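Trainee: I have a structure here, written as C-alpha cells, and I will follow up with some questions on it.
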Amino acid sequence: MKMLPKFLLSAALVATMATSFSAVQAATPPDTLVQAWQIDDIISLDPAEIFEFSASELAGNTYERLINYDVKDVSKIYGEVAESWTVSDDGKTYTFKIRQNKKFASGNPVTAEDVVFSLQRAVLLDKSPAFILGQFGFDKNNVKDKIKQTGPYELTMEVDKPYAPTFVLYCLTSTVASVVDKKLVLQNEKDGDLGYNWLKTHYAGSGPFSIRDWKANEVVVLERNPNYDKKAPLARVIYRHIKETATQRLLLEKGDVDIARNLNPEELTAVSKNPDIKIDSAPKGTVYYLGLNQKNPNLAKPEVRKALKYLVDYSAIADTIMKSKGEVHQAFLPKGYLGAINDNPYKLDVAKAKELLEKAGLKDGFTVTMDTRSTPDVTGIAQAIQSTFAQAGVKLELIPGDNKQTLTRYRARQHDIYIGQWGSDYQDPNSNADTFAANDDNSDNAKAKPLAWRNAWDPGPLTAKTRAAVMERDAEKRAQMYKELQQAVLDDGPFIVFLQQIEVAAERKNVDGFVMGPSFDTNSVAQAKKN
C-alpha cells in the first residue's frame, strides 16, 4: 500500500499510542477516531472475497454499491451509485442509470463500465460471497452477456427468473456488489487475476473513507476520501486490534481509544457508571442457535427436538450471560425483516420436556455431545444449556474447540449438536429461509450445503415453499409465506434459535454520529465526529 505519513502509522506510534496519548492529555487527536476491536477475522480487503464481520464493516465505510437501504427502516431502498432503476414487464431485466460526476478516491470517474466490471468480476472470481449474485443465474460462462453496459452511465442486468424485485435489490446492497475502480484494479492485474492478488491488501473504492493501511492482527487505518460526495468530518479512523476486553476497557477509560467494541456485560456495567463514557447498542441481523444433527437417531425423533426446545432457559441466558448483548428471539428471521415472527412460544418447562421424552421412548434421558467454540460467551451459554438439559436427564457433553475446529466438524455433519451464530448475508428474508428451511439435496455429497443440510434435515415441502417465496412479487403475500415457513421450523425443525444479537459499543462522551446498523456492513463512521 501507499506509505503513510510517519505521524499516522509509524510502528512505534501504533504500538505505544496508549502510552503517548495518556502521558500528554489522555485523549486521541480531535480529527481521528480510534477504536479498540477484535479484528483478527480479516483475511482480505477485496469486496469480491470479503465475507467476515470486521472486513464487511470496513467495506461499508470505504466502498459504494449501486443501491443501499435506510439503516433506520430497511424497507426503504435508495440509489447510491445508481440514480434510478426500472424493471421490465417480464420481471427479468433491470436497467440502472448511474449518477454522473461521482469519483473514486483515485480521482477516476465512476461510470457504468466500473459497475459492470465489478459485478462481472465478483462472479468470475467466484469467491465465497459470489453465490449472492450467482443465485440469479449468473456464472462464468454467461455473466458478460447477462450484465452489460448500455451507455456511459447505464447498464442492464438480466436475471434468469422473475424474482421479487426486492430480493434482487437487497442482494445488490451486499458487500460483494461493491463498485471497484476498474482502471486502477486492472493496472494491478497479473496473469489474468482481475487484480485479485493486489486488491486483497489494497483499495479501489469511492466511499467516504479510503483504506490506507492494514497490518494483520494489529491495525487498520482509514483516511478521508476527498472525492466523496459528502465530506467525512473526521480525517481518519484507526481500528486497533485489541484482543483482551479488559485492555479495551482500560484504554477507553484512560481516553487512549474513543470506542471499545468487545466489552463483556460486567465491563459494560462498570464503564456505564463513568460520566465520560456512554453505551450505544443496536439489534443485528444475527441469531444464536443450536443445530441438531438428524443423523443422531435420538435427535431425529420429533418429540426429542420439541423437548429440547423446552429445556433452554432463554430468559436467563439473555438476562445474565448475554446481558445487553442479546435478546430472546426464537424464529429464524431476525426482527425487522419482512415477515419476521416475533412471538417466542418456548420457555424452560422441564415437566413438558420430560413428557415429550417419555413419548419418544427416552424416559430416562440420553447422552449427547455439543461442539462448542471456546469463547467466554459461547462457553457460558453452553454450560447454562448443559445444566437445564440435565434437569430432564439429557446428559450434554461439551466438546470445546476454536472456531475453525468446530466449524469444520459442523460443515462435515460430524456433530451431534452445534452451538453457533448465523448472520444474514443480505437484508432479504430469503437469506435465512434458504438455509434454515430449504435443502434441495440431503445426500452427503450434495453441492449446496445450507444449515438444513449440515444438520441432515430434509424439510420436505418447505423447500418448494422457500423457492416459491422468492418469486412472489406481492409484498404482503410474500411476508405471509415467510411467517408460515418460520412457524413450521419452530414447530418441528432441528434448530433451537434462542437469541438475536445486540451489538454494543462503549464510547467516549465526545463521540457523535457513529452508527450501528442492522448488519455489520452498515456500521458507519461516515459522519462520525468528536465534539
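The values are calculated or read from the model by the stated rules, or taken from the named source; none is laboratory data. Remember, it's a predicted structure, so these values are computed and weren't measured experimentally. Here the Cβ is made from the backbone with ideal geometry for all residues, glycine too, and neighbour counts use every protein chain on show. Note: areas computed on protein heavy atoms with side chains; ligands, DNA, RNA excluded. Shrake-Rupley method; radii C 1.70, N 1.55, O 1.52, S 1.80 Å.
Trainee: When you look at residue 223, is it open to solvent by 60 Å² or more (accessible area, probe 1.4 Å) and out of contact with any Asp or Glu (no Cβ under 6 Å at 6 or more places or on another chain), yes or no?
Mentor: Values: open to solvent by 60 Å² or more (accessible area, probe 1.4 Å): no; out of contact with any Asp or Glu (no Cβ under 6 Å at 6 or more places or on another chain): yes.
The answer is no for residue 223.
Trainee: Just one of (1) farther than 25 Å from residue 483 by Cα; (2) assigned to a helix (DSSP H, G or I); (3) open to solvent by less than 30 Å² (accessible area, probe 1.4 Å) trips up residue 308, so point out which.
Mentor: With (1) farther than 25 Å from residue 483 by Cα; (2) assigned to a helix (DSSP H, G or I); (3) open to solvent by less than 30 Å² (accessible area, probe 1.4 Å) applied to residue 308, the lone miss is (1).
Trainee: When the stretch 276-305 is examined, which residues are found to be over 27 Å from residue 429 (Cα atoms), touching an Asp or Glu at 6+ places or on another chain (Cβ under 6 Å) and not in a loop (DSSP other than H, G, I, E, B)?
Mentor: Correct list: 278 only.
Trainee: Right, another one. Report, by residue number, each residue of the stretch 69-116 that is under 16 Å from residue 182 (Cα atoms) and either of a type in the set (Gly, Ala, Ser) or crowded, with 22+ Cβ neighbours inside 10 Å (or both).
Mentor: Across the stretch 69-116, the qualifying residues are 81, 98, 104, 105, 106, 107, 110, 111, 112, 114, 115, 116.
Trainee: Let me ask something additional. If we keep just the residues of the stretch 163-195 that are part of a loop (DSSP other than H, G, I, E, B) and polar (S, T, N, Q), which is farthest from the chain's Cα centre (by Cα)?
Mentor: Pass one, the stretch 163-195, residues part of a loop (DSSP other than H, G, I, E, B): 163-164, 172-174, 178-181, 188-195.
Pick out the ones that are also polar (S, T, N, Q) and you get 173-174, 178, 188.
Working: 173: 13, 174: 10, 178: 15, 188: 29 Å.
Taking the candidates together, the pick is 188.
Trainee: Right, another one. What are the pairs, 6+ residues apart or on separate chains, where a residue within the stretch 153-178 that is farther than 16 Å from residue 427 by Cβ and touching a residue at least 12 places away in the same chain (Cβ under 8 Å) has its Cβ under 6 Å from a residue that is open to solvent by less than 10 Å² (accessible area, probe 1.4 Å) and assigned to a loop (DSSP other than H, G, I, E, B)?
Mentor: Cβ pairs passing all conditions: 159/136; 162/91.
Trainee: Right, another one. Can you tell me which residue is most open to solvent (accessible area, probe 1.4 Å) among those in the stretch 274-305 that are polar (S, T, N, Q) and in contact (Cβ under 8 Å) with a residue 24 or more places away in the chain?
Mentor: 281
Trainee: Taking the stretch 132-167 as the region of interest, how many residues are more than 22 Å from residue 468 (Cβ to Cβ), open to solvent by less than 60 Å² (accessible area, probe 1.4 Å) and of a type outside the set (D, E, K, R)?
Mentor: 7
Trainee: Another question, if that's okay. Quick one: is residue 503 among the acidic types (Asp, Glu) and more than 28 Å from residue 52 (Cβ to Cβ)? Walk me through it before giving the result.
Mentor: Details: among the acidic types (Asp, Glu): yes; more than 28 Å from residue 52 (Cβ to Cβ): no.
Here the answer is no, as residue 503 does not meet what is asked.
Trainee: Moving to a separate point now. Hand me the list of helices (runs of 4 or more DSSP H) wholly inside the stretch 31-148 holding 2 or more residues that are farther than 29 Å from residue 508 by Cβ and aromatic (Phe, Trp, Tyr).
Mentor: Numbers: elements: 53-62, 112-125, 131-134, 143-146.
The helices (runs of 4 or more DSSP H) meeting that bar number zero.
Here's the yes/no breakdown for (1) surrounded by fewer than 24 Cβ atoms within 10 Å (Cβ to Cβ); (2) in contact with a Gly (Cβ under 7 Å, 6 or more places away or on another chain); (3) outside any helix (DSSP H, G or I):
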site: 433; (1), (2), (3): no, no, no
site: 443; (1), (2), (3): yes, no, yes
site: 449; (1), (2), (3): yes, no, yes
site: 462; (1), (2), (3): yes, no, no
site: 488; (1), (2), (3): yes, no, no
site: 500; (1), (2), (3): no, yes, yes
site: 503; (1), (2), (3): yes, no, yes
